[in-house]
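Right, one structure below, let's go through it.
The values are calculated or read from the model by the stated rules, or taken from the named source; none is laboratory data. Being a predicted model, the structure only gives us computed values, none of them experimental. Cβ: placed from backbone, ideal geometry, glycine included. Neighbour counts: every protein chain shown.
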Amino acid sequence: MAIASVTGMQCVSAQDAFMIGKDVAVFYPEGYDARQHEPSPIFVVDFERTEDVAGGWRIRPEFSINGGKSVARIAVGKEVDFYGNGEVAGQLRRNGKEVKFWNTDAPKYEVDGGKRLYQSHPWVLVVRRDGTAFGVIADNTWKSSVRMDEEEITFESEGPAFRVVIIEKGSPAEVLKELADLTGHIEMPPLWALGYQQCRWSYFPDTRVKEIADSLRLHRIPSDVIWMDIDYMDNFKVFTFDKERFPDPKDLNDYLHERGFKTVWMIDPGVKVEEGYRIDDEGTKMDYWVKDANGKPYEGEVWPGQCHFPDFTRPEVREWWGSLYKDYMATGIDGVWNDMNEPAIFNVETSTMPEDNRHEGGGGLAAGPHLRYHNSYGLNMVKASREGILEANPEKRPFVLTRSNFLGGHRYAATWTGDNASDPSLMKMSVPMTINLGLSGQPFNGPDIGGFFDDCTPELLAQWTAMGVYFPFVRNHSAAGTRQQEPWAFGEETLDVCRTAINRRYRLLPYIYTLFREAYEDGVPVMRPAFFADVKDAALRKEQEAFLLGGDLMVVPRWAENPAMPAGDWRRIVLEDGTDDGYQAMLYQRPGSIIPIANLSQNTTEYSTDSLTLLVNLDGDGKACGRLYEDEGEGFGFRDGEYADFALSASCAGDEVIVSVTQTNGNMHKGRKRIRVGLVMPDGIVYSQWTGGRTVRVGR
Ligand code: GLC
């Protein structure tokens, strides 16, 4: 053990370190106490020593205790770019930034200068000049922070000394794959969750919800989901329905289902303190609440007034909470929105519960203070929700959206980036925010399109929707008291812009669904930074206006001022003819790629890939390839082979291009598709006739 003295603090190199796989090393500080950190919510694997860390291993933490804080400093070398950090405000590139890991209700991202948001991901992805990359995980839920200085990363924690995991790989994509192997891969989402979603705080009563659904269809806005925010509840009591406003939730869900919609309803963690309210009575009787420092059930104020908070560290509490979803989902609810789960508390300066509140733990998890369990409160809640929903509907893929979460929590829920505002700067910031979450293991996320707080403008909604449809999660949401924000609320021109954009989303679904399959398989984000197109191109490392949707499509928002584009013959594609409205994000297709596109549908129930357009942008050698993954878009049959995976390929023969579609995997046979090819030329797309074959020949 090496001990050095640096300005009074005690520095110790790792007391123990070993490999837990070919390119993954774990380092333990002196005095490491597993009971203070394990079982970790981050990992899905046990750490088994495969061998010692080789002498040549480059990235090693140095541990110390400094001013009562546990510190891990990691020298990273010169000229590196930092990314990740989970949900963060500000630039894509994290060099010079500090992030505080203390999940916080952060309206407009203004709390603490934007250093603390709703989620914590003690994770840094580091990319070297040569394109090789490594990732650093601080396996620590305690209140902490990270700083990314010029040549050094520093994690600092108010809790006991923690271990550090380093992943060392040849590229950022490989690091993310390893991150998924260690922390879990996302589940395949239901296909409907990739559609356009309409939300507001709140649509009520039920007749208003029906009106919104009818308007979406009337205006021919393709859409899949309507969201129910808190006002559907009886006095904000979770798992209840307001008798006047929502007398028959099943009838409402049926109405919406008949029109091709799914519904997502909100459930917060705070349970109103009220005798005679079943959930509160049960939780009190079973003694399931988080306790204050004196061991009494803690009470804090949220929407319903004084609330109790389930202690989600306890397996029996998670199970109980999960079981509450059974009757609830039986009303035909399709998905669940877990909000305020930092947990957010009103009327206290800290906007959360006291750090010395007590959690009981269980299932191997030690009892501990809120200081330890605050950051994983949301993760444990969505774990309970997901498991309960799955039990209620075992044939369906659960969909949970959460505001708070922690590294690893992508296993349980998708996320959105909390309460932004109708402000162009926040629209622009949503690009790096969504990308960095994707670079932190959470591919399924996006912002409130149009902005949550403040009044949106026609211009902003048009801009935001025209770009937002290329994000993984696409939901328009706005706060109570603000101007209505549906696509039709601003007149015909805005409505047309939004409709065109959303049409494009639906046409791209075969490609986007395939990207979710890639995220599920390889942990690679759906929305990626431009530098993923060429990791050695230094000019792309800071690009945060334009972004990649998958590997083959660059999206350039119309507001982008000076986007850096990858080298090569990326060609502009316009998904249907028509005059340019000046708002639609510009799409550029990678040379050598094939992108599968569907005919327009109004929702994913109606959506079909029986007719497919294959957009082909040949590379310099006259070749291109792509992939199409399909399954039922629901249920788990895909795990038993009920899917179809197609290789798409194109090559030139004389003055013809031969394009073929070959099923390479899966037992699902949907019959022959109608196919046409769109050859992407420098001045537009040239379409072939539709054919019924697996091979299409088109003239060049
Ligand atoms: C929180 C959520 C927001 C929601 C509101 C009312 O502010 O972040 O999305 O509309 O609560 O439930």
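Quick one: count up the residues across region 442-462 that are buried (at least 24 other Cβ atoms within 10 Å of the Cβ) and more than 15 Å from residue 420 (Cα to Cα).
Count: 4.
Name the single residue that is nearest to the ligand (Cβ to nearest atom) among those in region 100-114 being part of a helix (DSSP H, G or I) and touching a residue at least 40 places away in the same chain (Cβ under 8 Å).
107
Among the residues of region 400-422, what is the count of those that are more than 16 Å from the ligand (Cβ to nearest atom) and surrounded by fewer than 24 Cβ atoms within 10 Å (Cβ to Cβ)?
Going through region 400-422 one residue at a time, the tally reaches 1.
Scan region 643-661 for residues that are surrounded by 15 or more Cβ atoms within 10 Å (Cβ to Cβ) and not hydrophobic (A, V, I, L, M, F, W, C) and jot them down.
643, 645, 649, 651, 660 - these are the residues of region 643-661 that are surrounded by 15 or more Cβ atoms within 10 Å (Cβ to Cβ) and not hydrophobic (A, V, I, L, M, F, W, C).
Quick check on residue 221: is it within 15 Å of the ligand (Cβ to nearest atom) and outside the structural domain of residue 132 (by TED's automatic domain parsing)?
The answer is no for residue 221.
From the list 316, 301, pick out the single residue that is charged (D, E, K, R) and within 16 Å of the ligand (Cβ to nearest atom).
None of the others qualify; the one that does is 301.
Just the residues that are under 18 Å from residue 400 (Cα atoms), in contact with a helix residue (DSSP H, G or I) (Cβ under 8 Å, 6 or more places away or on another chain) and acidic (Asp, Glu), please, taken from region 290-338.
The answer is 319, 334.
Would you mention how many residues in region 447-492 are among the aromatic types (Phe, Trp, Tyr) and assigned to a helix (DSSP H, G or I)?
Number satisfying all stated conditions: 3.
Within region 582-601, how many residues turn out to be assigned to a loop (DSSP other than H, G, I, E, B) and either surrounded by fewer than 21 Cβ atoms within 10 Å (Cβ to Cβ) or modelled with pLDDT under 95 (or both)?
Of the residues in that region, 6 qualify.
Which one of the conditions (1) in contact (Cβ under 8 Å) with a residue 60 or more places away in the chain; (2) out of contact with any helix residue (DSSP H, G or I) (no Cβ under 9 Å at 6 or more places or on another chain); (3) within 16 Å of the ligand (Cβ to nearest atom) does residue 342 fail to meet, given that it meets all the rest?
(2)
What residue, of 285, 272, is farther than 30 Å from residue 605 by Cα and either acidic (Asp, Glu) or surrounded by fewer than 21 Cβ atoms within 10 Å (Cβ to Cβ) (or both)?
Only one candidate qualifies: 285.
Please go through region 369-420 and pick out each residue that is within 13 Å of the chain's Cα centre (by Cα) and not in a loop (DSSP other than H, G, I, E, B).
Hits for region 369-420 are 400, 401, 402, 405, 406, 409, 410, 411, 414, 415, 416.
When you scan region 307-317, do you find a residue that is surrounded by fewer than 17 Cβ atoms within 10 Å (Cβ to Cβ) and not assigned by TED's automatic domain parsing to the domain that holds residue 144, even just one?
Within region 307-317 (the criterion being surrounded by fewer than 17 Cβ atoms within 10 Å (Cβ to Cβ) and not assigned by TED's automatic domain parsing to the domain that holds residue 144), the answer is yes, since at least one residue qualifies.
Which of the residues spanning region 565-580 are surrounded by 15 or more Cβ atoms within 10 Å (Cβ to Cβ) and under 25 Å from residue 194 (Cα atoms)?
Result: 572, 573, 575.
Of the residues that sit in region 436-454 and are touching a Leu at 6+ places or on another chain (Cβ under 8 Å), over 22 Å from residue 192 (Cα atoms) and touching a residue at least 40 places away in the same chain (Cβ under 8 Å), which one is farthest from the ligand (Cβ to nearest atom)?
My answer is 439.
Scan region 266-277 and report the pairs whose first residue is assigned to a loop (DSSP other than H, G, I, E, B) and whose second residue is within 12 Å of the ligand (Cβ to nearest atom) and of a type in the set (S, T, N, Q), with Cβ atoms within less than 9 Å and a gap of 6+ or a chain change.
268/338; 268/341; 269/338; 269/341
Is it the case that residue 303 is closer than 30 Å to residue 224 by Cα, among the aromatic types (Phe, Trp, Tyr) and surrounded by fewer than 21 Cβ atoms within 10 Å (Cβ to Cβ)?
For residue 303, the condition - closer than 30 Å to residue 224 by Cα, among the aromatic types (Phe, Trp, Tyr) and surrounded by fewer than 21 Cβ atoms within 10 Å (Cβ to Cβ) - is met.
Residues checked against (1) modelled with pLDDT under 95; (2) part of a strand (DSSP E or B):
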residue	(1), (2)
633	no, no
639	no, no
644	no, yes
671	yes, no
680	no, yes
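Condition first: away from the ligand (no atom under 16 Å from the Cβ) and on the phi < 0 side of the Ramachandran plot. Can you find one or more residues in region 473-486 that meet it?
no
Output the residues belonging to region 250-269 that are of a type outside the set (A, V, I, L, M, F, W, C), within 16 Å of the ligand (Cβ to nearest atom) and over 21 Å from residue 604 (Cα atoms).
268, 269
Conditions (1) touching a Pro at 6+ places or on another chain (Cβ under 9 Å); (2) on the phi < 0 side of the Ramachandran plot, marked per residue:
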{"position": "622", "(1), (2)": "no, no"}
{"position": "632", "(1), (2)": "no, yes"}
{"position": "635", "(1), (2)": "yes, no"}
{"position": "638", "(1), (2)": "no, yes"}
{"position": "643", "(1), (2)": "no, yes"}
{"position": "647", "(1), (2)": "no, yes"}
{"position": "659", "(1), (2)": "no, yes"}
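Of the numbered conditions (1) under 15 Å from residue 472 (Cα atoms); (2) outside any loop (DSSP other than H, G, I, E, B), residue 524 satisfies every one except a single condition; which is it?
(2)
Listed here are the residues, each with its yes/no results for (1) within 26 Å of the chain's Cα centre (by Cα); (2) over 13 Å from residue 510 (Cβ atoms); (3) in contact (Cβ under 8 Å) with a residue 24 or more places away in the chain; (4) assigned to a strand (DSSP E or B).
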| residue | (1), (2), (3), (4) |
| --- | --- |
| 624 | no, yes, yes, yes |
| 627 | yes, no, yes, yes |
| 663 | no, yes, no, yes |
| 677 | no, yes, yes, yes |
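Just the residues that are in contact with a strand residue (DSSP E or B) (Cβ under 9 Å, 6 or more places away or on another chain) and not charged (D, E, K, R), please, taken from region 389-409.
389, 398, 399, 400, 401, 402, 404, 405, 406, 407, 409, listed by residue number.
What are the pairs with Cβ atoms under 6 angstrom where one residue, in region 194-220, is in contact (Cβ under 8 Å) with a residue 12 or more places away in the chain and the other, located anywhere, is within 16 Å of the ligand (Cβ to nearest atom) and among the hydroxyl-bearing types (Ser, Thr, Tyr)? Sequence gap at least six, or different chains.
Qualifying pairs under 6 Å: 200/478; 209/203; 212/203.
Applying the selection to region 190-210, what residues are under 22 Å from residue 482 (Cβ atoms) and either under 21 Å from the mean Cα position of the chain (by Cα) or within 16 Å of the ligand (Cβ to nearest atom) (or both)?
Once the filter is applied, which keeps residues that are under 22 Å from residue 482 (Cβ atoms) and either under 21 Å from the mean Cα position of the chain (by Cα) or within 16 Å of the ligand (Cβ to nearest atom) (or both), region 190-210 yields 196, 197, 198, 199, 200, 201, 202, 203, 204, 208, 209.
Would you be able to tell me the number of residues in region 607-642 that are buried (at least 21 other Cβ atoms within 10 Å of the Cβ) and in contact with a Cys (Cβ under 9 Å, 6 or more places away or on another chain)?
1
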